[in-house]
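For reference, the structure is listed below as structure tokens.
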Amino acid sequence: WDNADFSRGVGTTFYQEFSTLNTAKPPFVRDVEAKVQRYLRSSYSAVWTLKITWEKAPIYAAWTDTQKTVTYQAVLTTDGFRSYILMLYQDGGMQWDYTRLTSTNVLIGYT
């Protein structure tokens, strides 16, 4: 979630919330549940999920380059006891030149 800069009118951010405590689950939530179950080899049934998408986000500071963008998502989900986050990047979509960042200790994902 580092250093995206939307000040030049390039790119967008949007989100969608899925509250599924007492409702039928849409395909997206079922897919998230399947990923959590597969990756962690455990049962999981989401009661709440939030999908945040950064689309064609230019790097900070956008005034230097708005052509190289990145599209990525964070999906937060919980069953009320356990919470998870999926970090999803568009395949081949990381176009930022990390050598131009002000910070040199760059990671994709989280630790």
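The values are calculated or read from the model by the stated rules, or taken from the named source; none is laboratory data. No experiment lies behind these values; they were computed from the predicted model shown. Because the Cβ atoms are built from the backbone with ideal geometry, glycine has one as well, and the counts that use them run over all protein chains shown. For accessibility, only protein heavy atoms count, side chains too; no ligands or nucleic acids. Shrake-Rupley method; radii C 1.70, N 1.55, O 1.52, S 1.80 Å.
Structure notes:
- Restricting region 24-58 to trypsin sites (Lys or Arg not before Pro) that sit in a DSSP loop and have at most 16 other Cβ atoms within 10 Å of their own Cβ leaves R41.
- Accessible surface of region 12-100, 1.4 Å probe, proportion on carbon and sulfur as whole %: 53 percent
- Simple label model, 7 Å out from Cα along Cβ direction - Q95 to N22, nm: 4.6 nm
- A convex hull fitted to the Cα coordinates of region 12-100 yields 118 cubic angstrom per residue.
- The chymotrypsin sites (Phe, Trp or Tyr not before Pro) of region 1-37 meeting both criteria, a DSSP state outside H, G, I, E and B (loop) and at most 12 other C-beta atoms within 10 angstrom of the site's C-beta, are W1.
- In straight-distance terms, cross-link reach from K51 covers every one of the lysines whose alpha-carbon lies under 18 Å from its own, apart from those fewer than eight places away in the same chain; here that gives K25, K35.
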